[in-house]
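What follows is a single structure, written as structure tokens, with notes after it.
Taken together, the values in this text are just the output of simple stated rules run on the coordinates, not laboratory data. Predicted model, so just to flag it, every value in this text is computed and none were measured. Glycine gets a Cβ as well: all are built from the backbone with ideal geometry, and neighbour counts include every protein chain shown.
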């Protein structure tokens, strides 16, 4: 396929994977004006869109737009509970559905007791030691 501007930009069926398009043309024909050229420039700056620079123009191919869209897809992680598409309950984490647990080593009551013990203990001394004339004189006498 030739690398250059296709004759009929208005018809996306006539655009090959390696044909060069300006950012505005790509927005209009490939992305149906859902994004602006500034968005494509931002995706280029993020490293998700491959462009060709000819002079001051930034040109993209339909293939590059498709690859950018793949990278931008929101890939949600699987839940540890819930229903699969067929309506059956799944157990992905090895626990019973709907169950949760806290740290097995310490009960919540023991954790609270330990925290209260720290909070009710004596505060550290926040005053600086006196280093004035009298303090230095006492230190020499001892």
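Assuming a ≥ b ≥ c are the square roots of the Cα gyration tensor eigenvalues, decide whether the stretch 12-72 counts as rounded (a/c under 1.5), prolate (otherwise, with a/b larger than b/c) or oblate. Here the stretch 12-72 falls in the rounded category.
How do 111-120, 18-27, 62-71 rank on mean C-beta neighbours within 10 Å, highest first?
Those peptides, ordered most packed to least, come out 18-27, 62-71, 111-120.
Rounded to the nearest 0.05, what FRET efficiency do residue 32 and residue 113 give with R0 = 41 Å and r taken as the Cβ-Cβ distance? Could you check? List each step's numbers first, then the result.
Values: r = 62 Å, r/R0 = 1.52.
E between residue 32 and residue 113, to the nearest 0.05, is 0.10.
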